[in-house]
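Below: one structure, written as structure tokens.
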Amino acid sequence: MIPRSALSESQKESMTAEASSSEQKLLQEIEQAVLVVEQSTSNSPIDTTRSSLGQPGNPHDPSHRISIENCRSVWREFLAHKNLPPTFEQWAALRSVNFNNWQYSDADLIRFAKFMFVGPSAKVDPELSEKMAITKACRIFHDKLDTWLCLLYRFYNRVPFHNFKHAFMVLQMMYATISITKLYDYLPSQDLFILMFSALCHDLDHPGFNNTFQVNSRSRLATVYNDHSPLENHHCFMAFVLCRASNAVNILSSFSNDESIWIRRAVISCILSTDMSKHAAILKDFRQKLPEFYQAARATAAELEEATIPIDTPESIVGIQRLLGRHQELRLILMSVLIKICDISNELREVHVSERWLDCLLEEFFQQAETEHQMNLPVAPFMDPKLVTKSTSQIGFIRSSLMPLIEDLGKLFPALSVSISNNLTQFIKVMRKIIQTDKLLKIRISSLKVKSKIHSILSYSR
């Protein structure tokens, strides 16, 4: 390829004009797809709850959606740099649990998402360039991926937590998990695509109010899905509606009919598994299936360690591949657990990243609690600003939900436990320090109240 600096001015102008024309064409295709989706979902069961407190609302209310003007600005920034790959340092961060989204624009995040599907160059990472080239393996054209990503961005809402940035971070954690565990040795490229596609789509069109609110407020969403995981069902619906908007955005179009059937089944399974009300059941199911993974590794592995099965040995890889190839249900269970841990992975990141995400989550919780109070609906204790502190809520969540998941997945993939243990330890230390500070503050306040009372009594007695 001739470097741009070696071109004449007229050649540079010609290239710029071509790029501008190509960008304009993609923008037109994106906006056409947006119109199709908005028409398809004009009777969407999503309630905004903002203007009328749970009464049926317009799903395209400006207070709910990112404005089309803001979208265009982000799209243009992304399309202008869509072929610029991440730097070596950025690739290293994307492959780790230490990626910091807060230092990048939304356009940058869209570009990083694109290249996680494309894969790094051989110069950056020879192994991943071969085994994580998802677009090449799944025959997805880059322009189609670009327009799909822009369309997807349009249908994440302006809510504090369940927004595009969160979806990106779940995708990034999935990419890091695949890289750290070398999951590409056990699952075909198609399944890796399913995991990444599901991660990016798993909260599409989230209104910022959870399933409990949908059911208690008798929202249209809860009515449509009969109170069964209304949000997750809606996210699945939106994921496939987006792909059907036009051929220009349909990144599923290259798959055969049989492949499409499996992809749809697996994506639905993955996204529905992110409903936290199913957490205990999915974890129980995974624990029951763990012996089958061990047996598959034992069947072909030459040596075993005492505590865990070293499934990253060539012999064990073959055994696990055979097992997953024969049993789709086991693949679905493994994929469900993987997306679950990525969805609730904020506390596995560095503290300066995870604390900001926790603030966003609590902001969304408290907004819901305020709305529930105004509507005379029950308020969950973990959302009530009168009862919740940042530290105590997270210590409980880590102990009850996150740690059991990490421990069980770590039995299969010890490398993952090693990668996240330091960040999790640091986060717990910070939260415990806050708890201790809160206790000392309460003691001091109590002491001041007692002293004040004694002073009042003494003053009165005089």
- line: With x for Gly and Pro, the residue-by-residue ³J(HN,Hα) of the range 64-77, computed from phi through the Karplus equation 6.51 cos²θ - 1.76 cosθ + 1.60 at θ = phi - 60° and given in whole Hz, is 9, 8, 5, 5, 5, 5, 5, 4, 4, 4, 5, 4, 4, 4
- request: Please order GLU407, GLU31 by the number of other Cβ within 10 Å, starting at the fewest.
  value: GLU407, GLU31
statement: Net charge (Lys, Arg +1; Asp, Glu -1) of residues whose beta-carbon lies under 13 Å from that of LEU35, LEU35 excluded, is -2
field: Neighbour-count ranking [beta-carbon atoms within 10 angstrom, fewest first] of CYS71, CYS342, CYS150
entry: CYS71, CYS342, CYS150
query: For the range 339-347, what does the Karplus curve 6.51 cos²θ - 1.76 cosθ + 1.60, with θ = phi - 60°, yield as ³J(HN,Hα) per residue in whole Hz, taken in order and with x for Gly and Pro?
result: 6, 5, 5, 6, 5, 10, 9, 4, 6
- request: Treat the count of other C-beta atoms within 10 Å as a stand-in for reagent exposure and order ASP227, ASP108 from fewest to most.
  value: ASP227, ASP108
query: Each residue of the range 391-403 in turn: what ³J(HN,Hα) in whole Hz from Karplus with 6.51, -1.76, 1.60 and θ = phi - 60°, glycine and Pro shown as x?
result: 6, 5, 5, 7, 4, x, 5, 4, 5, 8, 10, 7, 4
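Laboratory data are not the source of any read-out in this text; all were calculated from the coordinates shown. Because the structure is a prediction, the values reported are computed rather than measured. So basically every Cβ, Gly included, is an ideal-geometry build from the backbone, and we count neighbours across all protein chains shown.
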